[in-house]
Amino acid sequence: MYWAPDYFGGRNPSPDFMDCTNILFSNGVLDAWSTGGMLYNATESWGCKSLILPDSAHHFDLRFPNKDKDPVEVVKYRDLEKAYFDQILKDYQASLTELQ
């Protein structure tokens, strides 16, 4: 039952993800696989974030946008995901500038 978090990490988020950065866990609660996902932000202080989409399913937020069918929640979370990755890229580019 707990093979995924035991194998990939996540049963004990503090030690499992302490050295991880720039990870975004996206979890649609309607997804049958969501029980194996990171369903809380226990790791955000280390540069990892978890988004919980209550009315979404497997990879819904990663599909191409469809203005006629996408729930408002999915549109909102896509924007949050984009902002998260934009910030990661800005931080990385700033670190390169500091090295010069």
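In the range 12-29, the residues that are in contact (Cβ under 8 Å) with a residue 40 or more places away in the chain and in a loop (DSSP other than H, G, I, E, B) reach residues that are surrounded by 14 or more Cβ atoms within 10 Å (Cβ to Cβ) and of a type outside the set (Val, Ile, Thr) with C-beta atoms within less than 7 angstrom, at least six apart or across chains, in these pairs: ASN22/GLY47. If you go through the range 1-40 and keep only what is at pLDDT 80 or above, closer than 21 Å to ILE88 by Cα and within 11 Å of the chain's Cα centre (by Cα), you end up with ASN22, ILE23, LEU24, PHE25, SER26, ASN27.
Checking VAL75 against (1) in a helix (DSSP H, G or I); (2) in contact (Cβ under 8 Å) with a residue 12 or more places away in the chain, which test does it fail? It fails just one condition, (2). Listed by first and then second residue, the pairs with beta-carbon distance under 7 Å, at least 6 apart or on different chains, first residue in the range 79-100 and under 20 Å from SER50 (Cα atoms), second assigned to a helix (DSSP H, G or I), are GLU81/ASP61. For the structure I just gave you, tell me whether SER26 is hydroxyl-bearing (Ser, Thr, Tyr), in contact with an Asp or Glu (Cβ under 7 Å, 6 or more places away or on another chain) and surrounded by 13 or more Cβ atoms within 10 Å (Cβ to Cβ). Taking the combined requirement at face value, the residue satisfies it. Residues in the range 41-54 that are at pLDDT below 80, surrounded by fewer than 18 Cβ atoms within 10 Å (Cβ to Cβ) and not charged (D, E, K, R) were compared, and the one that is farthest from LEU89 (Cα to Cα) is ALA42.
The values are calculated or read from the model by the stated rules, or taken from the named source; none is laboratory data. The structure displayed is predicted, hence computed values, not measured ones. With ideal geometry, Cβ positions are generated from the backbone for all residues, glycine too; neighbour counts draw on all protein chains shown.
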